[in-house]
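Enquirer: I have a structure I would like to understand better, so I am pasting it below and will then ask my questions one at a time.
The values are calculated or read from the model by the stated rules, or taken from the named source; none is laboratory data. Remember, it's a predicted structure, so these values are computed and weren't measured experimentally. Here the Cβ positions follow ideal geometry from the backbone for every residue, glycine too, while neighbour counts run over all protein chains shown.
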Amino acid sequence: MKSTNKVYIYKRFERFWHWAQAALIIFLAITGFEIHDSINIFGFEKAVEFHRDASIGLMILIIFAIFWHLAFDAWRQYIPTQKNLLAQIRFYTYGMFKGEPHPTEKTALQKLNPLQRLIYLGFKLFMIPIVVVTGLLYMFYKTIDVNNVVVISHFKLESIAVWHTFGAFLLIVFLIVHVYMTTTGHTYTSNIKAMITGYEEIETETSGDESTTTPDSDEADNLTEKN
Amino acid sequence: MKNAILIIIGANLLLLILINVLKPTEVVNLEQEKLKQKYAVKPVASVDHSKLPALQKKFQTPQDVTKACNSCHTETHKEIMASAHWNWERAGYIEGHGIEFLGKKNVVNNYCIGAKTNEQACAKCHIGFGMFNNDNYNYSNQNNVDCMVCHDNSETYMKGASMTGYPDRTVNLEKVAQSVGLPMKSNCGSCHFYSGGGNNVKHGDLEEAQLNTTRDVDVHMAADGINLECVDCHTAENHQIKGKLYSVSSDHFNRAYCEDCHTSTPHLNEMLNTHTVRVSCQACHIPLYAKVNATKMDWKWSEAGKLKDGKAYETEDSMGNHDYMSIKGSFVWKKNIQPDYVWFNGTSDHYLVGDTINSIPVKINSLNGSHEDLNSKIIPVKINTGDQIYDTKYNYLIVPKLYAPEKGDSAFWEDFDWNTAAMAGMKRLGLPFSGEYDFVQTVMYWPVNHMVAPKEQSLSCSECHTRHDGRLAKLTGFYMPGRDRNTLLDTIGKWLIILSVAGVVIHNSIRIFTAWRQKKIEAKVINYHET
């Protein structure tokens, strides 16, 4: 028997972090591609200014997120696993068209399916570091300063810019696929609603009462973490 | 209730932040204010020369004035006689040539070509008297120093045309001598505005309009602005004046910089300050030059010598400037010009008399520098093109004799015969002339340093940081954000985006289709059971 249950998945900070990061990355993409002279919205000068300000915002957010991941052991969510990986791929490419159920169960302890683990780990360890590191080099790029301050001439500006743009393209592709994949939950919008409210409707095979794993409010966050 | 209070506090905070972010900030640049204060106070002379007994007399010759000057300023002539203004040359090191003494005395240009053989006329811009068309000028005669041309403050002194450097006969020497003081714009301008044979011909950024102009034309010299004199920036220690132009100079030495007053970090915006490492101030702050009167951009000597009814003639362009003169050839004049831009490290190379022509157009001077050279900056330049006479057999440029007081003395401006003019000119230079000549394309680079615009008119970022037709489009080899991109990466990126969108759309279509079919099957199954 199938039934749906409301499960508390995303904690308050996690949701704030997610949406702030989404907004910043989209804004950085717009201003960044304006600096690249692909689009024209704010004008080059404003775009540069906004891009720099937003990038500082993103880096502050990333620092908080790293701290949060370490402090609450949330980084374990991204440890890659082979278990169910093929089943997950099979589900997205075949099973979901047949109306088969998700191969992985989503809980507060295990929010990510094996495919998500892999891709989000790539996002965190590859895509974001590429743009952040090259972005910092870009930001502080100087050849030689008359006041003898900073010299970064070991890296050509072109290579820094090319890697930065490469990271940006990866992030955009990630964004497109990621937004689409949110529609593959129980309903088209259940995943997005979960990221807004924290609660997700989840299909369960059994009709057992799961309300015990569903804390009433954010105050119960720490309790679930300790489980 | 608690929530409502929180919302109100939150909304107010947000509003405060927004107001602060969106409010245009008017921050005063204190360094700029200090400069304004400094230069608002104009110097007052400590001596009124009209009260000096030594100057209360009738001067028969301009040399008498110099002697009177020397009676008090007993050693000053030594400073003068060590200057490029007097010697028409200055020691310089040129890569490939070694140490050369370069100056008006011996350089070639693509305007009136060369001063040698034409001294009698060219001496109008020499700070001395009595220079004729020969090599006999006595550079050690202190009485021939012309103090007045630089220090006349009565604005009545002028040198006569083709008078070997002597003042015009109408000049009242007593009045001039009693007026002397610090050089004014009109003193420097009497030569530097009219070089090349007319107002603004050579420089393009130095011309008579700057004697009385507005901030739109030149923020520094504007009468309605800080109204600086040339010597406020081009200061002089012992008459050795700071700053020089690379049409005659070659060394990165004793240059006048904007940074001397404005520092290398003049902006309140850090992003702009980082530019000053590789971009000169002039590049952004002189968006246009020749803003009031036109300047010559092209001079074709090959067309000189045409006569109408056996007589020399002239024609004018729409702006009223000569576009053809029998004695000089045809010209192109332009106004409100966007400068060209080059990398420049403060040293330059020159075509020296007798050098073999090895590339066309012949670079009369070339500014050294490149994006790879950390000491190079991007500077604005005026590029003057044209053609001029050269010896086809010996393959070098010819300095022709242009001026003579009358016909029959080999001067081109009198006789219109290139052969005799070239012969006479090259004889003076001590170089052979084969008798065969033609005209060769030449090019010359003139850094543009004046006519600084008000900051509101300085270049916007996107005038350079743009993919198409930016001002720096010709300067390639380095990466500039907004202009340059890796086309391969951009193509890959574009296709990645297209493919991911397509993939998403296809995936979703299959989902919708299979779901629709599933429903149909389920409906059929149910129907089957019901019947």
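Enquirer: Scanning for something without any contact (Cβ under 8 Å) to a residue 40 or more places away in the chain, within 14 Å of chain A (Cβ to nearest Cβ) and surrounded by 15 or more Cβ atoms within 10 Å (Cβ to Cβ), does segment B:522-531 turn up at least one residue?
Expert: No: segment B:522-531 contains no residue that is without any contact (Cβ under 8 Å) to a residue 40 or more places away in the chain, within 14 Å of chain A (Cβ to nearest Cβ) and surrounded by 15 or more Cβ atoms within 10 Å (Cβ to Cβ).
Enquirer: Now a separate question. Which of (1) within 21 Å of the chain's Cα centre (by Cα); (2) at pLDDT below 85; (3) within 13 Å of another protein chain (Cβ to nearest Cβ) does A:Tyr94 not meet, given it meets every other one?
Expert: (1)
Enquirer: Still on this structure: I'd like the full set of residues that are in contact with a Lys or Arg (Cβ under 9 Å, 6 or more places away or on another chain) and surrounded by fewer than 18 Cβ atoms within 10 Å (Cβ to Cβ), limited to segment B:199-211.
Expert: Hit for segment B:199-211 is B:Leu211, nothing else.
Enquirer: Whether any residue in segment B:451-464 is aliphatic (A, V, I, L, M) and without any contact (Cβ under 8 Å) to a residue 60 or more places away in the chain is what I want to check. Spell out the reasoning first.
Expert: Initially, segment B:451-464 is screened for residues aliphatic (A, V, I, L, M), giving B:451-453, B:459.
Now narrow it down to the ones that are without any contact (Cβ under 8 Å) to a residue 60 or more places away in the chain: none.
No, every residue in segment B:451-464 fails to be aliphatic (A, V, I, L, M) and without any contact (Cβ under 8 Å) to a residue 60 or more places away in the chain.
Enquirer: Which condition number in (1) more than 29 Å from B:Cys150 (Cα to Cα); (2) surrounded by fewer than 18 Cβ atoms within 10 Å (Cβ to Cβ) is the one that B:Ala223 fails?
Expert: The single condition B:Ala223 does not satisfy is (1).
Enquirer: State whether the residues of segment B:263-283 include one that is surrounded by 16 or more Cβ atoms within 10 Å (Cβ to Cβ) and in contact with a Pro (Cβ under 7 Å, 6 or more places away or on another chain).
Expert: Checked against the condition, which is being surrounded by 16 or more Cβ atoms within 10 Å (Cβ to Cβ) and in contact with a Pro (Cβ under 7 Å, 6 or more places away or on another chain), segment B:263-283 yields at least one hit.
Enquirer: Could you tell me which residue of segment B:73-101 is nearest to B:Asp349 (Cα to Cα), considering only residues that are small (Gly, Ala, Ser) and touching a residue at least 24 places away in the same chain (Cβ under 8 Å)?
Expert: Step one: filter segment B:73-101 for residues small (Gly, Ala, Ser), giving B:82-84, B:91-92, B:96, B:98.
This time we only want the ones that are touching a residue at least 24 places away in the same chain (Cβ under 8 Å), so: B:82-84, B:92, B:96.
On the way: B:Ala82: 23, B:Ser83: 21, B:Ala84: 18, B:Gly92: 10, B:Gly96: 9 Å.
For segment B:73-101, the residue satisfying everything is B:Gly96.
Enquirer: Hey, another quick one. Looking for something crowded, with 16+ Cβ neighbours inside 10 Å and assigned to a helix (DSSP H, G or I) - is there at least one such residue anywhere in segment A:4-12?
Expert: no
Enquirer: Tally up the residues in segment A:33-84 that are within 13 Å of chain B (Cβ to nearest Cβ) and outside any helix (DSSP H, G or I), please.
Expert: 8
Enquirer: Could I ask something else about it? Of these, B:Ala453, B:Ala515, B:Ala502, which one is within 12 Å of chain A (Cβ to nearest Cβ) and modelled with pLDDT of 95 or more?
Expert: Numbers: B:Ala453 fails: within 12 Å of chain A (Cβ to nearest Cβ); B:Ala515 fails: modelled with pLDDT of 95 or more.
Among B:Ala453, B:Ala515, B:Ala502, only B:Ala502 is within 12 Å of chain A (Cβ to nearest Cβ) and modelled with pLDDT of 95 or more.
Enquirer: Let me ask another. Please go through segment B:437-459 and give me each residue that is under 22 Å from B:Phe344 (Cα atoms) and in a loop (DSSP other than H, G, I, E, B), ordered by number. Break it down stepwise before answering.
Expert: So in segment B:437-459, the residues under 22 Å from B:Phe344 (Cα atoms) come out as B:442-453, B:458-459.
B:Val448, B:Asn449, B:His450, B:Met451, B:Val452, B:Ala453, B:Ser458, B:Leu459, listed by residue number.
Enquirer: If I ask for residues that are of a type in the set (A, V, I, L, M, F, W, C), over 14 Å from B:Gly114 (Cα atoms) and out of contact with any helix residue (DSSP H, G or I) (no Cβ under 6 Å at 6 or more places or on another chain), which ones from segment B:414-443 would you list?
Expert: Step one: filter segment B:414-443 for residues of a type in the set (A, V, I, L, M, F, W, C), giving B:416, B:418, B:421-424, B:426, B:429, B:431, B:433, B:439-440, B:443.
If we keep only those that are over 14 Å from B:Gly114 (Cα atoms) as well, we get B:416, B:418, B:423, B:431, B:433, B:439-440, B:443.
B:Phe416, B:Trp418, B:Met423, B:Leu431, B:Val440, B:Val443 - these are the residues of segment B:414-443 that are of a type in the set (A, V, I, L, M, F, W, C), over 14 Å from B:Gly114 (Cα atoms) and out of contact with any helix residue (DSSP H, G or I) (no Cβ under 6 Å at 6 or more places or on another chain).
Enquirer: Same structure, new question: Hey, can you tell me all the residues within segment B:461-479 that are closer than 21 Å to B:Met271 by Cα, within 12 Å of chain A (Cβ to nearest Cβ) and part of a loop (DSSP other than H, G, I, E, B)?
Expert: Of everything in segment B:461-479, those that are closer than 21 Å to B:Met271 by Cα, within 12 Å of chain A (Cβ to nearest Cβ) and part of a loop (DSSP other than H, G, I, E, B) turn out to be B:Cys464, B:His465, B:Thr466, B:Arg467, B:Gly470, B:Phe478, B:Tyr479.
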